[in-house]
Amino acid sequence: MERVILHSDMNNCYASIELLYNPQWRGVPLIVGGDPQARHGIVLAKDQLAKKAGVKTGMALWEAKQACPGARIVRPHMDLYLKFSRLAHEIYASYTDQVEPFGIDESWLDVTASRACRGDGETIAQEIRERMKEELGVTVSVGVSWNKIFAKLGSDYKKPDAVTVITRENWKDVVWPLPAGDLLYVGPATRRALEQRRIFTIGELAQADPELLQLVFGKMGLVLHVFANGLDQTPVEADGWEAPVKSIGNSVTTPRDMVTRQDISVMICALADTVSARLRLHGFWARRVTLWLRDSGLHGSTKQCRLPKPTDISGEIGAAAMRLVDEAWDGRMPLRSIGVRAGDLITAGSPVQRDLFTDEEAREKRRILDRTVDEIRVRFGAGSIRRCLQDLDPTLRDIHSREEHLVHPRGYFENGNRTGAGEEEQHGTDGDETVRVRHRGA
Amino acid sequence: MEQTVMKRFVCVIAAHDTDGKTHPMCVVWEDGAQYEIEKVEECRRMASTRAGGVGLRYAVRIRGKRKYLYEDEGRWFVEAKC
């Protein structure tokens, strides 16, 4: 049976919600942005007026102010946006239990089985559009098609407050003239590489030789060919589905540049604390630590190492990260952002080879100490207990928490490549491979 | 755009039945005046684009007139004239 898949996208989500709660702001361009003082000064969302003035998501706030001097800039209210995301899911859940979120404001719905009682895909899409407007006061654009990729293209095709149906009859007329960059996972680098080969539209990508695409982009080339031809078979996950955790990380942009090794060690300490707390929360030990650095010139680099023993101990993760800092950073360029990621996870408590030279009793004591610190923080707040090191510079203290980094779009290949492209090569694809594909496409 | 209504939080006296349903019975205005709810005609999730917010909207009859009363996470509000 042909699938019927909807992709629903809340238009200018954050800005629309802010305007709904503050109707007196209507008529003036609105920008939702981070805090410039904490150097999170980028545009997270904008309303239609600010968009018309040239404001783009991701732009620095000072750039946005130049583009649209009269705009009102407000700080985000994530709890409110999460509430709307939950309410939207309640609406979606009345049509199907196959609802897969893609970020806070987008979702795929597989309504194939609902057609008999709720009408065809377009009818359901129109109903959802109306209900979102009436019940939540925000508009959505909905794409309807037989695969997730075209459904997403449909929701981008016409906005705001619209439904676009891409059928077997009209898909070549609708999809093929679109720029290749509109396709999921064609980022700026891929787009440039395609353009160098005279591939500008999705139609040209669809008609390109798959072998050539594979040669240039590897497996991702085949995936893009499948996407462009409407052959993607990736299923819509059931509501509540969560990807198995592959790694746990945390990163932060500091209010001032980190200049000395001591500055960095303060941040590494704090990051290792939150990463190890999350490892304990999910019941994992890490076998690999990855360090991510971005200097004041915005150049990023990563370095990773294997841990001698699987661990969730904050001190061991921090020490490994500091060793990586010493290898990766020569001290010349100040650092703007830093991140620590624990990967290659195994279930906590798994059997581990012991050796004669490691004092396992001391490690167990450190583990108990970490758990005790977790409990103190849960009961009395994140700032209730900290290392003396973190008191050296108050500006680098208490600037992140575990919860702040939880909202992010889920990767399309998080549960493996199930597009149908190059199937014979995909068997045995492990977690690392999936992550690699995701990074290349992003 | 001139705004003619504003969001006003109000006290509500309500009954809660054994099914967990809420039945608003009386709206208490900020000056202490009580307005008895004669009938709840409809209850559905709705956005108030005029006052700003979302919630369960109770369409109620007060002194013979249809009024809207919103409940959002335990707080009640009305679209009050400025």
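Computed from backbone phi, the HN-Hα couplings of region A:228-238 come to 5, 9, x, 9, 4, 10, 4, x, 7, 5, 5 Hz, rounded to whole numbers (Karplus: 6.51 cos²θ - 1.76 cosθ + 1.60, θ = phi - 60°; Gly and Pro given as x). How would you classify region A:227-371 from its alpha-carbon gyration tensor, with a ≥ b ≥ c the square roots of the eigenvalues: rounded for a/c under 1.5, else prolate if a/b is greater than b/c, otherwise oblate? Because a/c hits 1.5 or more and a/b fails to exceed b/c, region A:227-371 counts as oblate. Each of A:Ala328, A:Gly349, A:Pro210 was placed along the dipole of chain A (beta-carbon charges, centred on the mean Cα), and the one lying farthest toward the positive end is A:Ala328. For B:Arg8, nonlocal amide neighbours, meaning residues 5 or more places apart or on other chains whose placed amide H falls under 5 Å from its own, are B:Val78, B:Ala80. Calculated [222 nm] ellipticity per residue, helices only, for chain A: -11500 deg cm²/dmol; basis is -39500 (n - 2.57) per DSSP H run with n ≥ 4, divided by all residues, nearest 500.
Over region A:13-77, Cα pairs under 8 Å with separation of 6+ residues give a relative contact order of 34 percent.
If you plug the beta carbon distance of A:Ala348 and A:Ala328 into 1/(1 + (r/R0)^6) with R0 = 25 Å, you get a FRET efficiency near 0.30. Beta bridges assigned by DSSP with both partners in the protein assembly as shown are antiparallel in approximately 90 percent of cases. Please report the antiparallel percentage of DSSP beta bridges with both residues in region A:13-113, rounded to the nearest 5. For region A:13-113, the DSSP antiparallel bridge percentage is about 70. The charge dipole of the protein assembly as shown, taken about the Cα centre with unit charges on the Cβ atoms of Lys, Arg (+1) and Asp, Glu (-1), comes to about 1240 debye, rounded to the nearest 20. If R0 is taken as 51 Å, the Cβ-Cβ distance between A:Arg371 and A:Glu63 corresponds to a FRET efficiency of 0.65. Counting Cβ atoms of other protein chains within 10 Å of each residue's Cβ and taking the mean over peptide B:34-45 gives 1. Using Cα centres only, tell me the gap between region A:238-312 and region A:77-142 in whole Å. Cα centres, region A:238-312 to region A:77-142: 34 Å.
What is the sum of charges, Lys and Arg at +1 and Asp and Glu at -1, for the other residues whose Cβ falls under 15 Å from the Cβ of B:Tyr35? Net charge around B:Tyr35: +3. Across chain A, where is the longest run that never hits GluC sites (Glu not before Pro) in a DSSP loop with at most 13 other C-beta atoms within 10 Å? Within chain A, the longest run free of exposed GluC sites (Glu not before Pro) spans A:243-442.
Across all Cα atoms of chain B, the radius of gyration (one decimal) and Dmax (whole number) stand at 12.5, 45 Å. Look at the dipole of region A:44-120 built from charges on Cβ: of A:Met78, A:Pro101, A:Leu44, the Cα furthest out on the positive end belongs to A:Leu44. Springs join every pair of Cα atoms under 10 Å in this Gaussian network model of chain B, and among B:Gly53, B:Gly20, B:Gly32 the largest mean-square fluctuation is at B:Gly20.
Only Lys, Arg, Asp and Glu carry charge here, each on its Cβ (+1 for the first two, -1 for the last two); on that basis chain B has a dipole of about 320 debye about its Cα centre. With the simple model of a label 7 Å out from the Cα in the direction of the Cβ, A:Leu87 to B:His23 spans 2.7 nm. Relative contact order for chain A: 14 percent, from Cα pairs under 8 Å spaced at least 6 residues apart, divided by residue count. Between B:Tyr58, B:Tyr68, B:Tyr35, the residue with the greatest mean-square fluctuation in the GNM of chain B (Cα pairs under 10 Å linked by springs) is B:Tyr35.
Name the most mobile residue of A:Ile149, A:Ile248, A:Ile368, meaning the one with the largest mean-square fluctuation, in a Gaussian network model of chain A with Cα contacts below 10 Å. The residue with the greatest mean-square fluctuation here is A:Ile368. Separation of the alpha carbons by more than 23 angstrom is noted, of A:Lys51/A:Lys133; A:Lys148/A:Lys172; A:Lys65/A:Lys159; A:Lys83/A:Lys158; A:Lys83/B:Lys67, for A:Lys65/A:Lys159; A:Lys83/A:Lys158; A:Lys83/B:Lys67. Electrostatic bookkeeping for A:Asp239 treats Lys and Arg as +1 and Asp and Glu as -1; over the other residues with beta carbon under 9 Å from its beta carbon, the sum is -3.
Relative to the Cα centre, the charge distribution of region A:248-405, modelled as +1 at Lys and Arg Cβ and -1 at Asp and Glu Cβ, gives a dipole magnitude of about 220 debye. Summarising the amide proton neighbourhood of A:Gln304: residues at separation of 5 or more, or on other chains, whose placed amide H is nearer than 5 Å comprise A:Leu291. Computed from backbone phi with θ = phi - 60° and the Karplus coefficients 6.51, -1.76 and 1.60, the 3J(HN,Hα) list for region A:264-272 is 5, 5, 4, 5, 4, 4, 5, 5, 4 Hz; x is used for glycine and proline.
Normalised size of the protein assembly as shown, defined as Cα radius of gyration per 2.2 N^0.38 Å with N residues, equals 1.12.
Every number here is computed from the coordinates shown, using simple stated rules; none is lab data. Only a predicted model underlies this, so the values are computations on that prediction, with no experimental measurement involved. Cβ coordinates were reconstructed from backbone atoms using ideal geometry, including for glycine residues, and neighbour counts include every protein chain displayed.
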